[in-house]
Amino acid sequence: MNAQPTMTSAARFVAFRLLPGDDLLAGLDAHVIDQGIKAGWVAGVVGSLSQASLRFAGEPGSTQLTGAFEIIALSGMLDAEGGHFHLSIADARGMMRGGHVMPGCIVRTTCELVVGDLDSVVFQRKPCSLSGYSELVISSRKPR
């Protein structure tokens, strides 16, 4: 097994709202910078999108969806260089789709978020020879 060591940490939480027309990823990135988040995760979300841009599993490019979508779930990790997110949405008929979040997910009415940040951990993305992608690397930092 090629697992990294387990790390424990206390955490703080940041709550904020993205407004109609905001890009989901750009909004998350702005709050990461503003709040100095070094090892974050999406703890909670409620909202809607007018446009979703998703990369489906095993596909090289993104798919653009337009309409009225409810955000059912958003999971992911945040770091100073961006993040890695997966999104589930439901359309006006309740049909769900989900995938890797790409730029171009636009807030329709609101996107209310709670983001956690681990006090004594830093997240980074580095190339992984096993997956072929830049993957999460966890390291220590001095607590706030």
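Every number here is computed from the coordinates shown, using simple stated rules; none is lab data. What you see is a predicted model; the values in this text were computed from it and never measured. Ideal geometry is used to build each Cβ from the backbone, glycine not excepted, and the neighbour counts take in all protein chains shown.
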Q. Taking 0.36 nm per intervening residue step and subtracting the Cα-Cα distance, what contour gain separates A92 from R17 on full extension?
A. 24.7 nm
Q: Report ³J(HN,Hα) in whole Hz for each residue of the stretch 55-64, in order, from the Karplus equation J = 6.51 cos²θ - 1.76 cosθ + 1.60 where θ = phi - 60°; Gly and Pro get x.
A: 9, 7, 3, x, 9, x, x, 9, 10, 9
Q | Potential extension, A10-E135 segment - 0.36 nm per residue separation minus Cα distance | A | 42.7 nm
**Q.** Within the stretch 83-144: Cβ-based charge dipole about Cα centre, in debye rounded to nearest 20 (Lys, Arg +1; Asp, Glu -1)
**A.** 120 debye
(Q) Which of I106, I71, I33 ends up with the largest GNM mean-square fluctuation for the chain, with Cα atoms connected below 10 Å? (A) I33
**Q.** Lys/Arg +1, Asp/Glu -1 at C-beta; the chain dipole; positive extreme among S120, G40, A68
**A.** S120
Q.
Quick check: Cα centre of the stretch 12-81 to Cα centre of the stretch 86-140, how many Å?
A. 6 Å
Q) Using unit Cβ charges (K, R positive; D, E negative) and no other charged atoms, how large, in debye to the nearest 20, is the dipole of the stretch 41-144 about its Cα centre? A) 120 debye
Q: Using the Karplus curve 6.51 cos²θ - 1.76 cosθ + 1.60 with θ = phi - 60°, work out ³J(HN,Hα) for each residue of the stretch 127-133 in order, rounded to whole Hz, and write x for Gly and Pro.
A: x, 10, 5, 6, 9, x, 10
Q.
Pairs of alpha-carbon atoms within less than 8 angstrom and 6+ residues apart define the contacts here; what relative contact order does the chain have, in percent?
A. 33 percent
Q | Between 0 and 90°, nearest 10: helix 24-35 axis offset from the chain longest Cα axis | A | 40 degrees
(Q) Could you order the peptides 40-48, 89-97 from most to least packed, using the average number of other C-beta atoms within 10 Å per residue? (A) 40-48, 89-97
Q: Give me Rg over Rh for the chain, both radii from the alpha carbons and Rh done the Kirkwood way, two decimal places.
A: 0.99
